[in-house]
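*Asks:* Take this structure, written in structure tokens, and hold onto it; I'll ask about it next.
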Amino acid sequence: MRPTRLARFAGGAVALLTLSAGCSMLPAMPAPVPTSVVPTDLPQPSPTSSGNLSPDGFDAAQRMAVRIRNIGCGSLSTGSGFALDDHTLVTNRHVVEDSATLELSTYDGRDLAAAAASSANLADLAIVRTDDALPAAPELAPADPAVGDPVTVVGYPLGRALTVTTGQVLGSQTDPLNENLGEVLVTDAPVEHGSSGSAMLDGEGRVVGVVYAKDSEGHSFVVPVSTLRAMLDDEAAFTPLAPCTG
């Protein structure tokens, strides 16, 4: 399966494999983060041992998702991320690069201060350190999911409401945007612009990958958890990002 048109999709800053476009006007700021989950027409996973509903109505999978707003030098885009620990956020490189300021918002509408960001040279991954504590962090799965496994994607498509969609793993293929990365996962879980950096979870609520792109056929592309684990274990895998200028 080789998509003919693939897009990285931080909201407001879309880059196509076969087409690129720039914009000199600063778009309007996204609406404030709602505190409710958008229902979808797909089956919703029942709360599990890793995500039993809390008194505020959110489960662990939803509590760990973070909306990222990248205010750049003459541009603005939105993406998603998820907590790795109390002060570390995982997202995509293209969500946080070329940034003057990163604004982070949690599931309950709370704003967090970003301290620093680092990006991976190989995969489309980035780490953001926060001054404020993140609400919850999921467990990383010990291995990549198999073809046919059910998965859940939790993020902020279009930079709007916290959204949960479900699907299954369709297979794997060489990363069409960066062949040096190797194999990435393909799923039919729906995503939109702004979903970049969302966690893909297995049936137990563990992270099995990081969403980074989609194609024109509605397939989502995911950096597998095995790659994420390998890069987190390599101190040289991430390089500090400097703020944009101008």
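The values are calculated or read from the model by the stated rules, or taken from the named source; none is laboratory data. These figures come from a predicted structure and were not determined experimentally. Positions of Cβ are generated from backbone atoms using ideal geometry, with glycine treated the same way; all protein chains shown enter the neighbour counts. Accessible surface is based on the protein model in full, side chains and every heavy atom, while ligands, DNA and RNA are left aside. Shrake-Rupley method; radii C 1.70, N 1.55, O 1.52, S 1.80 Å.
*Asks:* Of all the accessible heavy-atom surface of region 129-239, with the other protein chains kept in place and a 1.4 Å probe, what percent is carbon and sulfur?
*Replies:* Numbers: 1850 of 4200 Å².
The nonpolar share, carbon plus sulfur, comes to 44 percent.
*Asks:* Local charge sum around SER220 (other residues, Cβ-Cβ under 11 Å, Lys/Arg +1, Asp/Glu -1)?
*Replies:* That works out to -3.
*Asks:* Let me ask another. What does the net charge come to around CYS73 if you take all other residues with beta carbon closer than 13 Å to its beta carbon, with K and R at +1 and D and E at -1?
*Replies:* -2
*Asks:* For LEU140 and THR101 in one chain, what is 0.36 nm times their gap in residues minus the Cα-Cα distance, to one decimal in nm?
*Replies:* The LEU140-THR101 span can extend by a further 11.2 nm.
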